[in-house]
Structures are given as C-alpha cells and as structure tokens.
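Data first, discussion second: the structure below is written as structure tokens.
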Amino acid sequence: MRLRPLFLALILTALAAVSLPPPAAIAAGLDGLTPNTASAEIYGFNHLETLGTDATLVYDYRLEGRMMEEPFTDEIVLDFTHAQADAKHAYDVEATLFAKGAAKQVGPIVASTFNPLLLIFFQRDVNQMSRGTGGSGHYFRNVIRHAMSVPGNYAEEAVSLEIGGKPVAARRVSFTPFADDSHKDQMRGLAAKTYTITVSDAVPGGLVALETETAAAPGAPGAPGEGPMLHESYRFREVRP
C-alpha cells in the first residue's frame with residue numbers, strides 16, 4: 001500500500017516552509033561563480049533582464065511517483081515589483097505557493113539578477129529531505145552547494161522546446177549531489193536523487209523547468225521499472241504584465 005494523505009500532508013508542509021536568506025550562489029553574484037560548474041551554468045546569466053517594470057511569472061507545479069496515490073498539481077506565482085526607491089536591487093518579489101489551494105505567501109524577496117524561484121526550490125527541497133529523513137537541513141544544503149561548485153560535476157544538454165507556441169532554445173543541466181556522499185548507504189533513494197534545471201535567456205525569468213527525481217529504494221513498493229519514488233517539477237507557464 002502506498003503512502004497516502006499523511007505522507008502528502010508532510011510533504012506539502014515542507015514545501016511551504018521556505019526560509020531566507022538566499023543560498024551562497026545567489027549571494028555571491030555572477031563574479032562569485034566558478035567556471036564549468038552547475039552553478040555557473042544555472043546562475044551565470046541575468047535571469048531578470050527581459051522582465052518589465054512589473055511582471056508576474058506563473059509556474060505549474062507537479063508532484064508524482066510511486067509514493068503517491070495520484071499526482072498533486074498546483075501552481076507557483078511570483079509577483080515582481082520594480083524597487084524604484086532602492087538602487088541596490090531591481091525587484092521586490094512576493095511568491096504565492098500553491099495558489100490554487102491552501103496558498104502560502106513568501107516574501108518579499110529582494111531580486112536583482114537571479115530568479116528567486118531557485119531559492120524557493122532549493123530551500124524547500126532541503127526542508128523536505130530534512131523532515132523526511134530526520135537529517136540535518138544544514139548538511140543537505142552544504143552537500144548540494146558543494147556538488148554545484150565542483151567543475152565538471154554535471155551533465156548539460158542543449159534542447160529545443162515549444163513555449164507559448166514558439167520554439168525556444170534552452171539548456172538542461174543535471175547533477176546528483178549525493179551520489180558520492182559518505183552517508184549515501186543510509187540515504188536509500190536520496191543517494192541517486194537527480195536535480196535537473198532547464199534554463200533559457202529567451203524565457204522571462206530565465207527558468208524553463210526545475211525538477212528533482214528520487215529513485216526507488218530497495219524494498220520500495222511497486223514492481224521494478226515502475227518509476228521513481230518521487231518526481232517533482234516546476235515548469236514555466238506564462239508571464240503576465
């Protein structure tokens with residue numbers, strides 16, 4: 001029997017529990033990125049360059065997998081307001097998580113170059129792993145940061161996608177931060193957890209999709225080849241003026 005409402009409730013609680021400040025890659029800025037790393041590929045351009053004075057970015061959210069009775073879907077909405085009074089940053093951002101259901105507000109978040117959805121994505125992911133395993137969120141965060149800062153420790157693929165009825169050139173960056181971790185034997189499915197982030201300077205906000213996939217652990221319910229334990233995704237849908 002698969003884990004049901006209680007499991008989903010725990011995940012949604014972790015999803016909504018986003019705390020600040022931002023991770024090191026955001027705080028460091030473009031000049032603080034090491035070439036040929038996942039961080040450089042993801043953060044190495046101005047995500048917000050094509051946004052107007054004010055804009056709203058909408059992302060479709062989906063959580064599915066062997067541990068779910070059925071997929072959970074909703075949306076993430078980011079409202080960008082130009083911070084005219086402060087020359088140090090371009091936008092104040094208010095985020096609404098799960099806007100269709102039990103909405104959770106996050107912000108304001110200061111943004112000048114990077115899309116703060118990355119902050120929400122990574123912080124939420126760390127919270128979820130910490131709650132699910134009892135492990136240290138600080139430890140998970142540091143492992144992810146380290147993996148993203150090691151040269152060559154990622155895979156990249158050029159892709160052509162259709163967004164809003166138009167072809168868009170993008171690049172898909174993937175990495176598995178826990179694959180060589182000294183505690184991977186205790187992490188079960190997390191050891192093979194894959195992060196895939198698709199970016200494009202032709203898409204408002206710079207982010208096409210943010211995804212994680214947690215492989216099935218030995219003894220997990222379901223037959224081999226049935227699919228991952230969990231697959232989570234945020235996908236760009238539209239920009240509203």
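State the extension gain, in nm to one decimal, for the chain segment bounded by residue 94 and residue 146, taking 0.36 nm per residue of separation less the distance between their alpha-carbons.
Details: separation 52, 0.36 × 52 = 18.72 nm, distance 2.85 nm.
That works out to 15.9 nm of additional length.
Can you spot the aspartates and glutamates whose alpha carbon is less than 13 Å from residue 166's alpha carbon? Ignore those fewer than 8 places along the same chain.
238
How far apart, in nanometres, would the label points at residue 240 and residue 162 be if each is projected 7 angstrom from Cα along the Cα-to-Cβ direction?
Distance between the two pseudo-spin positions: 2.5 nm.
Each value in this text was obtained by applying a stated rule to the coordinates, not by laboratory testing. Only a predicted model underlies this, so the values are computations on that prediction, with no experimental measurement involved. Cβ: placed from backbone, ideal geometry, glycine included. Neighbour counts: every protein chain shown.
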